[in-house]
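The values are calculated or read from the model by the stated rules, or taken from the named source; none is laboratory data. As the structure is a computational prediction, the values presented were derived from the model and not from experiment. Note: ideal-geometry Cβ built from the backbone for every residue, glycine included; neighbour counts use all protein chains shown.
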Amino acid sequence: MRAQRASRPGLPREPGIAIPLLGTPPQPPPQPPPHPGAMLPPPPRQPPPQARSARGAVRLQRAFLRGPLGVLRLLQLLAGAAFWITIATSRYQGPVHFALFVSVLFWLLTLGLYFLTLLGKHELVPVLGSRWLVVNVAHDLLAAALYGAATAIMIDQTQRHSYCNLKDYQMSCAYRAFLASAVCGGLCLGLYLLSALYGCCRRCQGEQEVV
């Protein structure tokens with residue numbers, strides 16, 4: 001049934017008011033314009049930008065792992081561990097304490113250098129991170145010098161205990177342990193000299209990184 005649009009006679013009709021048809025939903029009243037001094041609602045919050053992955057993410061340096069320095073570092077760790085384990089399991093005294101201290105110290109330092117370089121976290125090291133190649137060269141030269149002194153000590157101790165290197169000697173003797181540690185010390189000395197030479201060559205070529 002259609003609505004009657006005609007108004008009653010004699011009654012004034014308000015202008016601008018539309019009479020809705022029957023069955024149609026009522027329309028919401030128009031919103032008044034915002035006052036110039038009224039505060040507007042804040043804009044929708046945007047999701048935070050993703051954090052930069054330069055410091056947070058772990059980047060495995062495969063070039064270092066497969067490169068000459070990575071291989072040398074692994075050999076240094078193996079030879080250094082053999083050095084101090086051989087000494088620690090024997091009866092040592094006197095200057096052998098210094099050789100044991102040198103081997104354990106540089107084994108730990110080499111382990112730290114290896115994993116910091118492998119994981120790409122050397123930039124987090126204050127002051128030294130920006131000069132990582134120079135730090136590695138200085139470490140290798142110092143390790144070679146002190147391993148040379150430790151190897152000389154072990155050679156001297158081996159000679160001092162050579163009296164028990166007899167077939168029928170029944171007493172416990174550290175001759176073989178000192179001889180094995182002297183060989184491991186000489187191997188460590190050569191490995192650290194090679195890694196120092198590698199770092200010096202990269203430095204002469206104008207490189208700033210170890211890989």
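Just to be sure, is Val71 surrounded by fewer than 19 Cβ atoms within 10 Å (Cβ to Cβ), under 19 Å from Gly148 (Cβ atoms) and free of Cβ contacts under 8 Å to residues at least 60 places away in the same chain? Answer is no for this residue.
Residue by residue, here is whether (1) of a type outside the set (Asp, Glu); (2) at pLDDT below 95; (3) under 33 Å from the mean Cα position of the chain (by Cα) holds:
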site	(1), (2), (3)
Arg131	yes, yes, yes
Tyr169	yes, yes, no
Leu187	yes, no, yes
Ala196	yes, no, yes
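Considering Val210, Val127, which residue is out of contact with any strand residue (DSSP E or B) (no Cβ under 6 Å at 6 or more places or on another chain), closer than 17 Å to Gln76 by Cα, not small (Gly, Ala, Ser) and not in a helix (DSSP H, G or I)?
Numbers: Val127 fails: closer than 17 Å to Gln76 by Cα.
Of the residues listed, the single one that is out of contact with any strand residue (DSSP E or B) (no Cβ under 6 Å at 6 or more places or on another chain), closer than 17 Å to Gln76 by Cα, not small (Gly, Ala, Ser) and not in a helix (DSSP H, G or I) is Val210.
Test of understanding: among Phe83, Phe64, which residue is over 20 Å from Val183 (Cα atoms) and either touching a helix residue (DSSP H, G or I) at 6+ places or on another chain (Cβ under 6 Å) or surrounded by 15 or more Cβ atoms within 10 Å (Cβ to Cβ) (or both)?
Details: Phe83 fails: over 20 Å from Val183 (Cα atoms).
Every option except Phe64 fails the conditions.
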